[in-house]
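The values are calculated or read from the model by the stated rules, or taken from the named source; none is laboratory data. For clarity, every value in this text was computed on a predicted model and none was experimentally measured. Here the Cβ positions follow ideal geometry from the backbone for every residue, glycine too, while neighbour counts run over all protein chains shown. Side chains included, ligands, DNA and RNA excluded: accessible areas come from the protein's heavy atoms. Shrake-Rupley method; radii C 1.70, N 1.55, O 1.52, S 1.80 Å.
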Amino acid sequence: MQAIILLGAPGAGKGTVAEDLKRQIGIEHISTGDMLREAIRAGSPVGLEAKAFMEKGELVPDDVIIRLVRERLLAGGSDAWYMFDGFPRNVHQAELLDAMLPECGGALTHVFLLEVPRDLIIRRISNRRVCRQCGAVYNLIGMRPKVENVCDLCGGEVYQRPDDNEATVNNRLDVFNRETAPLVEYYRRKGLFVQIDSSDRLDTEKAILQHLGRA
Ligand code: AMP
């Protein structure tokens, strides 16, 4: 099993890029944010525990996240190929992932940082809409669903995430700078780190595919 990581602030485009690459090269998309939103929708104990943290833009406790990721990895086959989006979110999670991957017969090959200027992040997030059912990501600026509030892919309801409001976004950006940004140094030291200007989605995808030898 092989894995790559997409790092980046909220609104950097990780989810959109991961879904596009999944369609293009068949890499599985593991978004801990999507898994948590699904747990909330299902009313599971994990969802109940995670909800308050997510509403404030705080990180959900590491043990909850690691349990979710471990279950997902153990359910996959030995030839699986994963793209993590929104995980790991801090150095502790990265260390736990390092310990978990060999257990699952896996290895990390690349860590991509998607870099976007802060004003573009705020613009993207305030215009972001997602499908409640399949998680597809839309944007009122350039990627509207064909029918208002209806997902092109599955017909589900397209809505605005409750944590995509200005106050929560500012906190999520602070949390990113404090907790997640140190991962750049962590992965640079391991020789896995690649920085990508992610202002344009297609250029971002092209750059990632080149690094993966799939261009
Ligand atoms: P995202 O969909 O990646 O923007 O995540 C939305 C929210 O889910 C975050 O603001 C956190 O509250 C929570 N979350 C997602 N992934 C993680 C993670 N790896 N560790 C802790 N909290 C997470």
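Restricting the range 14-37 to residues that are charged (D, E, K, R) and open to solvent by 30 Å² or more (accessible area, probe 1.4 Å), which is nearest to D79 (Cα to Cα)?
Among residues in the range 14-37 that are charged (D, E, K, R) and open to solvent by 30 Å² or more (accessible area, probe 1.4 Å), the one nearest to D79 (Cα to Cα) is E28.
I need the full set of residues from the range 92-122 which are in contact with a Phe, Trp or Tyr (Cβ under 6 Å, 6 or more places away or on another chain) and among the β-branched types (V, I, T), in order please.
V111
For F53, work out the one condition from (1) more than 9 Å from the ligand (Cβ to nearest atom); (2) in contact with a Pro (Cβ under 9 Å, 6 or more places away or on another chain) it doesn't fulfil.
If we test F53 against (1) more than 9 Å from the ligand (Cβ to nearest atom); (2) in contact with a Pro (Cβ under 9 Å, 6 or more places away or on another chain), just (1) comes out false.
I40 fails exactly one of the following numbered conditions: (1) touching a residue at least 24 places away in the same chain (Cβ under 8 Å); (2) surrounded by fewer than 21 Cβ atoms within 10 Å (Cβ to Cβ); (3) within 17 Å of V130 (Cβ to Cβ). What is the number of that condition?
With (1) touching a residue at least 24 places away in the same chain (Cβ under 8 Å); (2) surrounded by fewer than 21 Cβ atoms within 10 Å (Cβ to Cβ); (3) within 17 Å of V130 (Cβ to Cβ) applied to I40, the lone miss is (1).
Checking S78 against (1) farther than 26 Å from N170 by Cα; (2) in a helix (DSSP H, G or I); (3) among the small types (G, A, S), which test does it fail?
The one condition S78 does not meet is (2).
Within the bounds of the range 102-125, is there any residue that is closer than 25 Å to V137 by Cα, at pLDDT below 95 and touching a helix residue (DSSP H, G or I) at 6+ places or on another chain (Cβ under 6 Å)?
Among the residues of the range 102-125, at least one is closer than 25 Å to V137 by Cα, at pLDDT below 95 and touching a helix residue (DSSP H, G or I) at 6+ places or on another chain (Cβ under 6 Å), which makes the answer yes.
Do the conditions hold for D63, that is, is it at pLDDT below 95 and either surrounded by fewer than 13 Cβ atoms within 10 Å (Cβ to Cβ) or on the phi > 0 side of the Ramachandran plot (or both)?
no
Can you give me the number of residues within the range 73-90 that are open to solvent by 20 Å² or more (accessible area, probe 1.4 Å) and within 12 Å of the ligand (Cβ to nearest atom)?
1
Within the range 95-182, which strands (runs of 3 or more DSSP E) (wholly inside it) include 2 or more residues that are open to solvent by 30 Å² or more (accessible area, probe 1.4 Å)?
Filter on the range 95-182 gives 107-115, 128-131.
Could you tell me which numbered condition L202 fails, if it satisfies all but one of (1) within 12 Å of the ligand (Cβ to nearest atom); (2) part of a helix (DSSP H, G or I)?
(1)
Of the conditions (1) more than 23 Å from L7 (Cβ to Cβ); (2) small (G, A, S); (3) in contact with a strand residue (DSSP E or B) (Cβ under 9 Å, 6 or more places away or on another chain), G86 fails just one. Which one is it?
(1)
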